[in-house]
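**Student:** The structure follows.
The values are calculated or read from the model by the stated rules, or taken from the named source; none is laboratory data. What you see is a predicted model, and the numbers here were worked out from it, not measured in a lab. Here the Cβ is made from the backbone with ideal geometry for all residues, glycine too, and neighbour counts use every protein chain on show.
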Amino acid sequence: MSTVLGALVGRRAALRWVHLVLGGALLMPYWLLSTVLLTPALPRGNTDPGQQLLAQLIALPLSLPMAAVTALVPMVRPLEGAAARALCAGALAPRRGGPVRELASSPARSWAARRRTSAWFVLHVLLGGIVSGMSLTVPPTVLFLLASSSGALGHTGRDTLHRAFGEYAPPELLIAPALLFLLLTTNALSGALLARCAPALLGPTPDERLAAAEQRAAELAHRNRLARELHDSVGHALSAVTIQAAAAGRVLRSDPEFAAEALQAIEETARAAVAELDTVLGLLREDTADGRRADCGPTLAGLDTLVRQMGLAGVRVETHTGPGLGDLPPELSREAYRVVQEGLTNVLRHAGPVPARLRLRLSGGRLEVDLENPLGADRPSRPGGGRGLRGIAERAESRRGDYRAGPQPDGSWRLSVRLPVSAPPAPPANAAQPH
Amino acid sequence: MIRVVIADDERLVRTGLRVVLDAEPGITVVGEAADGAEVLPLARELQPDVILMDIRMPGLDGIRATELVLDALQPPPKILVVTTFENDDHVYEALRAGAAGFLLKRARAEEMVQAVRLVAHGDSLLFPAAVRELAVHHAARRGRTPAPLPRLTEREGEILRLMSAGLTNGEIAERLVVSPETVKTHVASVLGKLGVRDRTQAVIAAYESGFVRPR
């Protein structure tokens, strides 16, 4: 008994009633418009209340198609979604054993989503209209009947009932609670129906779910990449520094020569690590600065800035670019920018401040990136083992391209990366790479 | 004398570790490898007691190199994985592959020396808490229930529990009031029944099977 009462007048029913009254309010303009449209169809000067009531009832179904059409506007979904989330209590509760349900908060872009929003809107305003209408009429009627039964209104109440029901008019004290019960039940049932339909009609479509999952995967891949870059650069450098410092401390007296070497290595490693940290933090800052995802980093359009920055750091870059680079797909352009960035950072790290030659061009459906620089005199070269090179290799692999790096006979170092322009990107398998 | 081989692609790390370990009496670094592929031939030639193995190396990575060395050499050397970060997934892979323990590159020199001595000696678990955490974390993440452990006697089960808690053979002997030799025999039979190489792997198996539960 108490659960029935709760379902009819509890907090949930009250919230849903507000939601339905909102639907009724939303119906008003359409309903007024249909009433106006119906006026010419009515006989002139008709004042029969029965016919006027009929006209108003006909106006209701007439207003629904208009509501349906306007609800195709994409912004209706987030608005109705917000209203349903706040007021349509219980709409998001998971069904037995099912997943938590959600309402989309983005505008409906696809036609499937718009049609569903439109169906929801029609349902909302129709049920809302009915419940609002009843909410306006039932309470006064009930008061009227109660007053009439107490005899305060004389014969008026009884007469009205007789006019409506004829000889067998039921007593007021029976009708009044029945009407109230009808209002509460209609409210509860309408609210329950809306709550049940909300996830299906206002929730994300399968396509949207897929897109959201893909975006999450991309964000995860990006986070992994940042983590890997920090790990590779700063983590490794700091551990090398720690070990060298420990070693130097141990043999400070017995092997001062080694200690001096270790100190120098520590200095250089730490310096390079700070530079690299700067780069990685730069990537992070780019992400937060424009509030966008990872892969929305700079493209080749930002090459001039990069070259200028490298010039300030001591690597003067002579750039040769072919035509058509501005028309590359943005993802490819971004990857190419990163390849160049990592390549130039490598030059600085391994060869120091030396001039470099960068060539970018399109040839045979592939983007060719070539970077050449003289090998630094006193720095040990590590064929194929550099950290930045691994990043470049991963980028090339992810675009199904290839890369080559190594010393040339003329004593220079060359990095060559080839990226197909139209290849679909390989799935992001980077998360499983050894750290 | 504990003979050590260091495998790491970073020269700075290799020389640093070499200097730290060589300065220690009773430990000598007999060789260095800059890549996983160099480790097996070097280990075959030098027969070290302990190999310090970096996980990420350009050619052959440390996990694969660990497997190769442990399969090829008899008696197998103890492998100590050297890592930058503790929460590296590959540390666990390496331990499963048979590495006897791991060493953080940021560890103090004394800790490094002690870790080498400990795995060379082989009768206690290196960083029991960390190994336990890794095993629990990864067993949960794998989300599957692995094959239950083969039948252990009551005493063997008891010893596996104490091993998992990080007790040395000596401590276990004291706790159970038996001789260290008896404990050694039991440990050997536990390892044999579980089909694992050393106590680190036994502890991982104990956690992964749910035989021992984290408290």
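**Student:** Answer yes or no: is there a residue in the range A:35-53 that is of a type in the set (Gly, Ala, Ser) and either under 17 Å from A:Leu123 (Cα atoms) or surrounded by 14 or more Cβ atoms within 10 Å (Cβ to Cβ) (or both).
**Tutor:** no
**Student:** Let me ask something else. Which of the residues belonging to the range A:314-349 are on the phi < 0 side of the Ramachandran plot and in a loop (DSSP other than H, G, I, E, B)?
**Tutor:** Residues of the range A:314-349 on the phi < 0 side of the Ramachandran plot: A:315-323, A:325-349.
Within the range A:314-349, A:Val315, A:Arg316, A:Gly322, A:Pro323, A:Leu328, A:Pro329 meet the criteria.
**Student:** Can you tell me which of (1) among the acidic types (Asp, Glu); (2) more than 8 Å from chain A (Cβ to nearest Cβ); (3) in contact with an Asp or Glu (Cβ under 9 Å, 6 or more places away or on another chain) is the one B:Asp9 doesn't meet?
**Tutor:** All conditions pass for B:Asp9, except number (2).
**Student:** Still on this structure, please answer the following. Quick check, is A:Arg209 part of a helix (DSSP H, G or I), of a type in the set (D, E, K, R) and free of Cβ contacts under 8 Å to residues at least 24 places away in the same chain?
**Tutor:** Working: part of a helix (DSSP H, G or I): yes; of a type in the set (D, E, K, R): yes; free of Cβ contacts under 8 Å to residues at least 24 places away in the same chain: yes.
In short, yes.
**Student:** Let me ask another. Suppose the filter is over 28 Å from A:Ala273 (Cα atoms), at pLDDT 75 or above, surrounded by 15 or more Cβ atoms within 10 Å (Cβ to Cβ) and of a type in the set (A, V, I, L, M); does A:Leu419 pass it?
**Tutor:** Here the answer is yes, as A:Leu419 does meet what is asked.
**Student:** Return the residues of the range B:62-107 that are over 19 Å from B:Val30 (Cβ atoms), among the polar types (S, T, N, Q) and free of Cβ contacts under 8 Å to residues at least 12 places away in the same chain; say none if nothing qualifies.
**Tutor:** Selection gives B:Asn87 alone.
**Student:** Another one. Taking the range B:1-43 only, how many residues are assigned to a helix (DSSP H, G or I), more than 21 Å from the chain's Cα centre (by Cα) and buried (at least 20 other Cβ atoms within 10 Å of the Cβ)?
**Tutor:** 4
**Student:** With respect to B:Met57, is the statement that it is assigned to a loop (DSSP other than H, G, I, E, B) and buried (at least 24 other Cβ atoms within 10 Å of the Cβ) true?
**Tutor:** Values: assigned to a loop (DSSP other than H, G, I, E, B): yes; buried (at least 24 other Cβ atoms within 10 Å of the Cβ): yes.
Spelling it out, B:Met57 is indeed assigned to a loop (DSSP other than H, G, I, E, B) and buried (at least 24 other Cβ atoms within 10 Å of the Cβ).
**Student:** Return the residue satisfying two criteria in turn: it lies in the range B:81-106 and is more than 13 Å from chain A (Cβ to nearest Cβ) and assigned to a helix (DSSP H, G or I), and of such residues it is nearest to the chain's Cα centre (by Cα).
**Tutor:** Of everything passing the filter in the range B:81-106, B:Leu95 is nearest to the chain's Cα centre (by Cα).
**Student:** Give the residue that is modelled with the highest pLDDT, with candidates limited to residues of the range A:137-184 that are charged (D, E, K, R) and touching a helix residue (DSSP H, G or I) at 6+ places or on another chain (Cβ under 9 Å).
**Tutor:** A:Glu172
**Student:** For residues that are of a type in the set (Gly, Ala, Ser) and closer than 27 Å to A:Thr269 by Cα, scanning just the range A:337-378, find the one that is surrounded by the fewest Cβ atoms within 10 Å (Cβ to Cβ).
**Tutor:** A:Ala377
**Student:** So which residues in the range B:12-43 are among the acidic types (Asp, Glu), farther than 19 Å from A:Ser254 by Cα and within 13 Å of chain A (Cβ to nearest Cβ), if there are any at all?
**Tutor:** Passing the criteria: B:Asp35, B:Glu38.
**Student:** Got a number for residues in the range A:373-397 being more than 25 Å from A:Arg316 (Cβ to Cβ), modelled with pLDDT under 75 and not in a loop (DSSP other than H, G, I, E, B)?
**Tutor:** The total comes to 1.
**Student:** If the Cβ limit is 8 Å and pairs must be 6+ apart or interchain, which residue in the range A:250-269 that is farther than 21 Å from A:His236 by Cα and more than 8 Å from chain B (Cβ to nearest Cβ) pairs with which residue that is in a helix (DSSP H, G or I) and of a type outside the set (Val, Ile, Thr)?
**Tutor:** Pairs found: A:Leu252/A:Ala259.
**Student:** Answer yes or no as to whether B:Ala135 is surrounded by 23 or more Cβ atoms within 10 Å (Cβ to Cβ), away from every other protein chain (no Cβ under 14 Å) and among the small types (Gly, Ala, Ser).
**Tutor:** Yes; evaluated as a whole, the condition is true for this residue.
**Student:** How about the range A:299-318: which of its residues are under 10 Å from A:Leu360 (Cβ atoms) and either basic (Lys, Arg) or out of contact with any helix residue (DSSP H, G or I) (no Cβ under 6 Å at 6 or more places or on another chain) (or both)?
**Tutor:** A:Leu303
**Student:** Against the condition assigned to a helix (DSSP H, G or I), out of contact with any helix residue (DSSP H, G or I) (no Cβ under 9 Å at 6 or more places or on another chain) and closer than 30 Å to A:Gly24 by Cα, how does A:Arg223 come out, does it pass?
**Tutor:** On the way: assigned to a helix (DSSP H, G or I): yes; out of contact with any helix residue (DSSP H, G or I) (no Cβ under 9 Å at 6 or more places or on another chain): yes; closer than 30 Å to A:Gly24 by Cα: no.
Criteria not met by A:Arg223.
**Student:** Sort out which residues of the range B:44-61 are over 18 Å from the mean Cα position of the chain (by Cα) and away from every other protein chain (no Cβ under 14 Å), and write them in order of number.
**Tutor:** Within the range B:44-61, B:Arg44, B:Glu45, B:Leu46 meet the criteria.
**Student:** Kindly indicate whether A:Gly97 is at positive phi, more than 19 Å from the chain's Cα centre (by Cα) and at pLDDT below 80.
**Tutor:** Answer is yes for this residue.
**Student:** Please work out if A:Arg85 is out of contact with any strand residue (DSSP E or B) (no Cβ under 9 Å at 6 or more places or on another chain) and in contact (Cβ under 8 Å) with a residue 60 or more places away in the chain.
**Tutor:** no
**Student:** Somewhere in the range B:62-70, is a residue within 17 Å of A:His231 (Cα to Cα), surrounded by fewer than 22 Cβ atoms within 10 Å (Cβ to Cβ) and within 13 Å of chain A (Cβ to nearest Cβ)?
**Tutor:** no
**Student:** Can you tell me which residue is surrounded by the most Cβ atoms within 10 Å (Cβ to Cβ) among those in the range B:175-209 that are among the charged types (D, E, K, R) and in a helix (DSSP H, G or I)?
**Tutor:** Restricting to residues being among the charged types (D, E, K, R) and in a helix (DSSP H, G or I), the top hit is B:Arg199.
**Student:** Looking at A:Ala245 and the list (1) within 11 Å of chain B (Cβ to nearest Cβ); (2) surrounded by 13 or more Cβ atoms within 10 Å (Cβ to Cβ); (3) under 24 Å from B:Asp54 (Cα atoms); (4) modelled with pLDDT under 90, which single condition is not satisfied?
**Tutor:** Against the list (1) within 11 Å of chain B (Cβ to nearest Cβ); (2) surrounded by 13 or more Cβ atoms within 10 Å (Cβ to Cβ); (3) under 24 Å from B:Asp54 (Cα atoms); (4) modelled with pLDDT under 90, A:Ala245 comes up short only on (4).
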